[in-house]
Amino acid sequence: MAQARDELDARGIQAWAYAALTALGEARSEIDALNVFPVPDGDTGTNVFLTMEAACQGVDRALDEPGHSRSSIAQALAHGALMGARGNSGVIISQIFRGSSVALSQVALDRPVSGADVAQMLRLAADMAYSAVAKPVEGTILTVARAASDAAIAVVGRNREAEVSAVVIGAAA
């Protein structure tokens, strides 16, 4: 498992992915209990956790390849999620990662990822997730993705702590 990092490079993406997997594992039952749409089958937390687990495995495999970059690792995250997607929520998560990887590939490799880059990543991720669903419904993970994106865009240029706090609060709203 990767150690926590404060940069969005290939290893930083791996660290983030495993931190997300751990958090999803801890919240799995709670998310399952919230699941009411489209069918109240109580498996969204489990599906998202298993999808994230597959995404992490994709990242691990890609990091073993020579010449990897943050862009190729982000693509591996998205591809792993898609190949291991469970349920509608898993497919939506994979599309969120796909949008993030497309946006990240547009950031020059010779500079760190900025708050504005992250806001762009979240916006494209939300847009791609919405477009992947035939009949998007508010109150789902799509709404969370859009709220996180809106919050990130609203605070671009503030300090990193304010940016992260705004995204978390926006997604939780």
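Residues in the stretch 100-126 that are closer than 14 Å to ALA148 by Cα, surrounded by 18 or more Cβ atoms within 10 Å (Cβ to Cβ) and not polar (S, T, N, Q): GLY115, ASP117, VAL118, ALA119, MET121, LEU122, ARG123, LEU124, ALA125, ALA126. Checked against the criteria, GLY139 counts as in a loop (DSSP other than H, G, I, E, B), over 16 Å from TRP16 (Cβ atoms) and small (Gly, Ala, Ser). In the stretch 139-154, the residues that are without any contact (Cβ under 8 Å) to a residue 60 or more places away in the chain form Cβ pairs under 7 Å with partners that are open to solvent by less than 70 Å² (accessible area, probe 1.4 Å) and not in a helix (DSSP H, G or I), at six or more places apart or across chains, as follows: LEU142/VAL133; LEU142/PRO136. Taken over the stretch 68-84, the criterion of being open to solvent by 30 Å² or more (accessible area, probe 1.4 Å) and without any contact (Cβ under 8 Å) to a residue 40 or more places away in the chain is satisfied by GLN75, HIS79, LEU82, MET83.
The conditions of being without any contact (Cβ under 8 Å) to a residue 60 or more places away in the chain, crowded, with 19+ Cβ neighbours inside 10 Å and among the charged types (D, E, K, R) are not met by ARG61.
Screening the stretch 127-149 for residues that are touching a helix residue (DSSP H, G or I) at 6+ places or on another chain (Cβ under 6 Å) and open to solvent by 40 Å² or more (accessible area, probe 1.4 Å) and picking the one that is modelled with the highest pLDDT gives ARG146.
On inspection, ASP41 qualifies as charged (D, E, K, R) and either at pLDDT below 90 or in contact with a strand residue (DSSP E or B) (Cβ under 6 Å, 6 or more places away or on another chain) (or both).
The values are calculated or read from the model by the stated rules, or taken from the named source; none is laboratory data. This structure is a prediction, so every number in the text was calculated from the model and none was measured. As a convention, Cβ positions derive from the backbone with ideal geometry for all residues, glycine included, and neighbour counts pool all protein chains shown. Accessible surface areas use protein heavy atoms only, side chains included; no ligands, DNA or RNA. Shrake-Rupley method; radii C 1.70, N 1.55, O 1.52, S 1.80 Å.
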